[in-house]
Every structure is written in C-alpha cells, then in structure tokens.
Amino acid sequence: MLYEGQAVCGAAAPKIMGVYESELAPFFLKWSVIPFRHIINVGAGEGYYAVGCAMLWPHATVTAFESSEEGRRLLTRNVELNGLQSRVRIMGYCGPEQLHAAAVNDESSLIIVDVEGAESDLLDRGNIPGLANAYMIVEIHDFIDQQLGETVSSRLRSSHRIEEVRTQRRTFWDFREPRAFWLRLWLLPYLKQYADELRPGPMRWFCCTPIPSRQAPFGGK
C-alpha cells in the first residue's frame, strides 16, 4: 500500500516500516479468508487500517470514521494514492447512532475501534444489535480509565470469544528489511528506535470473534 508518510496521532515511521501494531497481524492473517462485505474503522486516523483492509479484502466496502479534520485530509490522500475512492467512504464523528447506522446486522463485517477511551460508550450491543455478528478489534485505553477493559468485555463476552493481545517489544524477527541478516542485526538498535509507536504505556487489544448462534437440536423446532 502507498502511504503519504504523515500520522495524525502517534508516529508514522512504524507504519512505513510495516511493524505498527504488529501484534495484531496474526488476526488479520487468520481472518483474511473470511469474505467480509463491510469493514468499519472507527478512529481511522490517516487510514493505515482503512486503506490496508480495503486492499486485503478487495470485495469489501470500508467506512472510515475520523473526527479530526487533519486526519480526514490525510485519510483522503492515502485513499487517493491507492485508487480506493470507490470503496472507502470517509465519515466524521462516530457515536453510537452513527455506528448503529453503519453496522448492518446480517452483513459479514469487521469493526476496528480506536477511540481514545470512548470504547465503553460506543460498544453496547443493547443499542447496536449489529455488533453481535461482527468480528472486532478494540484498542483498550486503560491509562484513561482502568475500568474500560472490564466494561467492554462484560458487554461482549456473551456474544464473542475475546482474545486479549498486549504490546510486545520489537525483536529482530519483527523486521523484514534490510534483507541481509547481518545488516539488519547491525542496524537493529536503530530499527527499534524508529519502530517506537510513542505510546503512553503498554497497550492491549480485544480481538473478538462472534460466537455462532446455538442451533436447535436435530428434529427439534
């Protein structure tokens, strides 16, 4: 994917290097075989995930919510650089009403949420039934409110299998460049420095897989 080179929040270098939030890569790879028809990215920033997911799922439409004007400007630029104007819809603020309108209940979807502490206000299946069948990745901002994780998990655990992922230190094997092992090893301290995501502390995510609805027993009604 082509990337404009600026970040609206945090650091751009890890995204350019391809190691940004690499802890989540196994889930994107595992779920890449699912034919998602709709991807919703709340807190899309400059579009690292919105554009990346549009490329990973070429038959899906993407709704990218970003509240900041600068973020939407960079997001628009990255969408244009990759020729995805017809499949990525750029929206502004996303609250429960906006997410409810975007999350269609019977459509195979992936929802990625990074809303800087507002995840407990946003993710409520009682108000948004479409969440029940969606695959989700939710960034939990514990440094803002230590109760966020428990609040979000309590709302989702009856409908989803929740796997917690935590930030990890980057190692030699996280980097793919330079291709020459000896050169990569020599540059490793600098690679780690540029891979710094400028986090306020350790982070974690909930990767949520919907639990299939219970089927009636054979011969039952």
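The values are calculated or read from the model by the stated rules, or taken from the named source; none is laboratory data. These numbers come from a predicted model, not from an experiment. No Cβ is skipped: glycine too gets one built from the backbone with ideal geometry, and neighbour counts run over all protein chains shown.
Condition first: in a helix (DSSP H, G or I) and either touching an Asp or Glu at 6+ places or on another chain (Cβ under 8 Å) or surrounded by 14 or more Cβ atoms within 10 Å (Cβ to Cβ) (or both). Now tell me which residues in segment 87-116 satisfy that. Walk me through it before giving the result.
First pass over segment 87-116, keeping only residues in a helix (DSSP H, G or I): 96-102.
If the condition is that a residue be in a helix (DSSP H, G or I) and either touching an Asp or Glu at 6+ places or on another chain (Cβ under 8 Å) or surrounded by 14 or more Cβ atoms within 10 Å (Cβ to Cβ) (or both), then 96, 98, 99, 100, 102 are the ones that fit.
Conditions tested, residue by residue: (1) hydroxyl-bearing (Ser, Thr, Tyr); (2) touching a residue at least 12 places away in the same chain (Cβ under 8 Å); (3) more than 24 Å from residue 125 (Cβ to Cβ).
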| residue | (1), (2), (3) |
| --- | --- |
| 11 | no, yes, yes |
| 17 | no, yes, yes |
| 26 | no, no, yes |
| 51 | no, yes, yes |
| 59 | no, yes, yes |
| 76 | yes, yes, yes |
| 94 | no, yes, no |
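Which residue out of 108, 67 is among the polar types (S, T, N, Q) and free of Cβ contacts under 8 Å to residues at least 60 places away in the same chain? Outline the logic, then answer.
Working: 108 fails: free of Cβ contacts under 8 Å to residues at least 60 places away in the same chain.
Sole residue among the options that is among the polar types (S, T, N, Q) and free of Cβ contacts under 8 Å to residues at least 60 places away in the same chain: 67.
Just one of (1) without any contact (Cβ under 8 Å) to a residue 12 or more places away in the chain; (2) in contact with a helix residue (DSSP H, G or I) (Cβ under 6 Å, 6 or more places away or on another chain) fails for residue 195. It is (1). Within segment 162-194, if we keep just the residues that are under 17 Å from the mean Cα position of the chain (by Cα) and outside any loop (DSSP other than H, G, I, E, B), the residue that is surrounded by the most Cβ atoms within 10 Å (Cβ to Cβ) turns out to be 165.
In this structure, does residue 155 turn out to be assigned to a helix (DSSP H, G or I), at pLDDT 90 or above and surrounded by 13 or more Cβ atoms within 10 Å (Cβ to Cβ)?
Values: assigned to a helix (DSSP H, G or I): yes; at pLDDT 90 or above: yes; surrounded by 13 or more Cβ atoms within 10 Å (Cβ to Cβ): yes.
Taking the combined requirement at face value, the residue satisfies it.
Is there any pair linking a residue in segment 171-186 that is touching a residue at least 12 places away in the same chain (Cβ under 8 Å) to one that is assigned to a loop (DSSP other than H, G, I, E, B) and exposed (fewer than 11 other Cβ atoms within 10 Å of the Cβ), with Cβ under 9 Å and at least six apart or on different chains, and which? Taking only residues 6 or more apart or on different chains, the pairs are 174/168; 184/176.
Screening segment 14-51 for residues that are surrounded by fewer than 18 Cβ atoms within 10 Å (Cβ to Cβ), aliphatic (A, V, I, L, M) and modelled with pLDDT of 95 or more and picking the one that is nearest to residue 102 (Cα to Cα) gives 34.
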